[in-house]
Amino acid sequence: QVQLVESGGGSVQPGGSLRLSCAAPETFFTIAALGWYRQAPGKQRELVASITSSDSLNYADSVKGRFTISRDIAKNMVYLQMNSLKPEDTAVYFCNLAPLPTAFWGRGTQVTVSS
């Protein structure tokens, strides 16, 4: 059974920062890229950042320069450092394989940016 567990979300003011964490299966770190997705109310889930097995990074234009994805293979963890947060970053954030996610999704972690 695939388990993905996201954590670290919360409520922050615009300009604030959060660091999201995701515990993923060990095999995910060797077979493909890992990514962070988000889904805002009434919108489709979108890929915002990914990291390949060779540590190549990719970001959506909307988060480039503000978000940083990283991973710790020894701990089977993927992280998303989010700085300069904007209200439009408000969403539930998920991790999964990228760019083609598996059918298994964790519960996600809610990020709310508002003043």
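Using r as the Cβ-Cβ distance of I31 and T112, and R0 as 22 Å, what FRET efficiency do you calculate, to the nearest 0.05?
0.10
Determine the percent antiparallel among the DSSP beta bridges restricted to the chain, to the nearest 5.
Once the DSSP bridges in the chain are tallied, antiparallel ones form about 90 percent.
If we sort 27-37, 72-82, 8-18 on the protection proxy, mean other Cβ atoms within 10 Å, highest first, what's the order?
27-37, 72-82, 8-18
Rounded to the nearest Å, what's the spacing between the alpha carbon centres of segment 53-72 and segment 1-28? Just the number, please.
14 Å
What Rg and what Dmax come out for segment 51-107 when only alpha-carbon atoms are used, in angstroms?
For segment 51-107, the Cα radius of gyration and maximum Cα-Cα distance read 12.2, 34 Å.
If you place +1 on the Cβ of every Lys and Arg, -1 on the Cβ of every Asp and Glu, and leave all else neutral, what size is the dipole of the chain about its Cα centre, to the nearest 20 Debye?
160 debye
Going by a ≥ b ≥ c, the root eigenvalues of the Cα gyration tensor, does segment 11-79 fall in the rounded group (a/c under 1.5), the prolate group (a/b larger than b/c) or the oblate group?
prolate
Extent of the chain along each principal axis, from alpha carbon coordinates, in Å, largest to smallest?
40, 26, 23
Go through segment 16-115 and name the GluC sites (Glu not before Pro) that are in a DSSP coil and have 16 or fewer other Cβ atoms within 10 Å of their Cβ.
Counting only loop positions with at most 16 other Cβ atoms within 10 Å, the GluC sites (Glu not before Pro) in segment 16-115 are E26.
Here, each number is a calculation from the coordinates, and none is a lab measurement. As the structure is a computational prediction, the values presented were derived from the model and not from experiment. A quick note on method: Cβ atoms are made from the backbone with ideal geometry, for glycine too, and the neighbour counts reach across all protein chains shown.
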